[in-house]
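The values are calculated or read from the model by the stated rules, or taken from the named source; none is laboratory data. Keep in mind that what you see is a predicted model, and the values were worked out from it rather than measured. Heads up, the Cβs are rebuilt from the backbone with ideal geometry, glycines too, and the neighbour counts pull from every protein chain shown.
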Amino acid sequence: MAKVLITGITGFIGRAVLEGILPLGHDIHAVIRPGTSPERRVGLERKVNIKELDLADTAGLRDYLADSNFDTLIHIGALRGGRKATRDNYYRSNVSSTEQMVDYCLKHNARLIFCSSVGVFGAIPNELPANAQTTRNPDNYYHYTKIEAEKVIGKAILHGLHAAIIRPSITYGTKDKGFPYQLVKMVDKYHFPLINKRIWLHLCHIEALVEAFKWCLQHDFQTGLAWNVADREPVQLQALVNFISRQLHGKNYPAILSVDRFFFSLGEKLSRRMKNELFVSRFELISKSWFYDVQQYYASMETLGIKPHYTIPDIRITIDDYRRN
């Protein structure tokens, strides 16, 4: 039985990964931010050993790790993009915390499984599909911190760190209110501005991501492993919007609600002038294509007979969640 530390368990991805690895029977410990709302931590104390500690507390994290004896660290916790926080807080939460975990793993011969993001290629990659050689693009500060954290890990691998990097795309599943959920909501209310050009996007079913972490925890992976994780294939935005509309209203999304690409370009420019990273990202995600090379991930999963996910029809998990709410 391995002793495992996992961060980020009060978030959508971290909670799902925790639920996925609990049946494996390991001794699991978790770090959660002090002051986390009760509804986000309900039931967790019965499942894992919890330490209240802010990842931005570099000294506190160092002291906590020094008194521990973990075999594997699963680092999912991060300060996500669009939050109202200083750049210093972003850096300490996302980069400095990773440095502390890397140092611990090097000193104690422990493994590190790090949750990065396909955002290291930018919201819109410079080449499609984005792959291991694609130029990193720090187009916002959150993406910059993920790039820097990966650099920390990459340098440490040269000195013997046993680490894997998992880069999820935008993830969908039950109890998440992010981009896929908002897409469903806007389609239902006929508020979604569907651009009048062909756009491809690449979402990730939460189960695909959980399987990636489980695989790394259960296998002696080669250090330096780095997977882009998303559904088996990208999907055309118009096809996805029409599928959602048929599930909710029994018919395709009204063509009259299509919007000329000029207005998307104008909205993106205005958001950039206002230095609003969140709105820039929102305009880009629904007006430009973004998809990734996921062959390495599926090469490992398919040898185990694990079923691949396809956004159509698997986005039903989010549609059903929206209906319940």
*Among residues of the range 88-128, those that are over 26 Å from HIS159 (Cβ atoms) and of a type in the set (S, T, N, Q), counted*: 2
*asked:* Given the criteria in contact with a strand residue (DSSP E or B) (Cβ under 9 Å, 6 or more places away or on another chain), surrounded by 23 or more Cβ atoms within 10 Å (Cβ to Cβ) and over 19 Å from ARG167 (Cβ atoms), does LEU61 qualify?
replied: yes
_What's the number of the only condition in (1) surrounded by fewer than 21 Cβ atoms within 10 Å (Cβ to Cβ); (2) under 29 Å from ILE199 (Cβ atoms); (3) of a type outside the set (Val, Ile, Thr); (4) touching a residue at least 24 places away in the same chain (Cβ under 8 Å) that GLY119 fails to meet?_
(1)
*asked:* When you scan the range 173-185, do you find a residue that is within 27 Å of GLN133 (Cβ to Cβ) and out of contact with any Ser or Thr (no Cβ under 8 Å at 6 or more places or on another chain), even just one?
replied: yes
_Residues within the range 285-325 that are free of Cβ contacts under 8 Å to residues at least 24 places away in the same chain, on the phi < 0 side of the Ramachandran plot and assigned to a loop (DSSP other than H, G, I, E, B), tallied_ = 2
_Of everything in the range 209-248, what is small (Gly, Ala, Ser), over 17 Å from TRP290 (Cβ atoms) and within 16 Å of the chain's Cα centre (by Cα)? Give them in sequence order._
ALA212, ALA226
*Residues being crowded, with 18+ Cβ neighbours inside 10 Å and either in contact with an Asp or Glu (Cβ under 6 Å, 6 or more places away or on another chain) or without any contact (Cβ under 8 Å) to a residue 40 or more places away in the chain (or both): count how many of those fall in the range 33-51.*
1
*asked:* Can you report the number of residues in the range 92-141 which are within 18 Å of ILE166 (Cβ to Cβ), in contact with a Ser or Thr (Cβ under 8 Å, 6 or more places away or on another chain) and not aliphatic (A, V, I, L, M)?
replied: 6
*Given the conditions (1) within 21 Å of GLU99 (Cβ to Cβ); (2) surrounded by 18 or more Cβ atoms within 10 Å (Cβ to Cβ), which single one is not true for LEU18?*
(1)
*Index of the failed condition, HIS191 passing every other in (1) at pLDDT 95 or above; (2) over 16 Å from the mean Cα position of the chain (by Cα); (3) under 30 Å from HIS249 (Cα atoms)*: (1)
*Does GLY250 satisfy the condition of being modelled with pLDDT of 95 or more, surrounded by 13 or more Cβ atoms within 10 Å (Cβ to Cβ) and at positive phi?*
no
